[in-house]
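The values are calculated or read from the model by the stated rules, or taken from the named source; none is laboratory data. Model, not experiment: these values are computed from the prediction. Methodologically, a virtual Cβ is constructed for each residue, glycine included, from the backbone with ideal geometry; neighbour enumeration extends over all protein chains shown.
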Amino acid sequence: MNTLPIQGIIDKAFLHLEIIDFMKVGDRVRVKTSLKVFHHPEHKGKAFDIEGLEGEIVRIHTEWNGRAISPNYPYEVRFTPKFVTHLGDHELQTLA
C-alpha cells in the first residue's frame with residue numbers, strides 16, 4: 001500500500017487551503033494552463049485557448065439554494081463584458 005507520512009498529508013491540505021483562501025472576489029487573475037473553450041463570443045463554436053488571458057473574479061460559488069456545495073470550478077471569472085467562464089484554482093494564478 002502506498003502511504004504518505006502524516007506530515008505530508010497535512011502539508012498538502014494546508015497548501016490547498018491557502019490557495020483557495022488566497023483568491024477572493026475582485027482579484028485579478030490569469031489563466032495559467034492551456035485551456036480550450038468553445039463559448040468565447042469572438043470564436044463561437046470553435047476551440048479557443050484562453051491560456052494567458054487576464055480577468056477578474058466576480059463570484060465564488062460556495063452554495064446553491066441555501067446549501068453548501070463544493071464545485072470543481074468555483075471561480076466565476078469575467079475576461080470581457082461578454083465573456084465569463086467558471087475555472088478552478090488549479091487553472092488560475094493571482095496577479096499583483
If we keep only residues of the stretch 51-65 that are more than 13 Å from the chain's Cα centre (by Cα) and part of a strand (DSSP E or B), then the residue nearest to TYR75 (Cα to Cα) is GLU63
Subset of the stretch 27-71 (residues that are under 11 Å from GLU91 (Cα atoms) and without any contact (Cβ under 8 Å) to a residue 40 or more places away in the chain) = SER34, ILE50, GLU51, GLY52
What number of residues within the stretch 77-96 satisfy the criterion of being of a type outside the set (A, V, I, L, M) and in a loop (DSSP other than H, G, I, E, B)?
-> 3
Looking only at residues in the stretch 1-50 that are in a helix (DSSP H, G or I), among the hydrophobic types (A, V, I, L, M, F, W, C) and modelled with pLDDT of 55 or more, which one is surrounded by the fewest Cβ atoms within 10 Å (Cβ to Cβ)?
-> ILE6
Hey, can you tell me all the residues within the stretch 58-73 that are within 17 Å of VAL37 (Cβ to Cβ) and touching a strand residue (DSSP E or B) at 6+ places or on another chain (Cβ under 7 Å)?
-> VAL58, TYR73
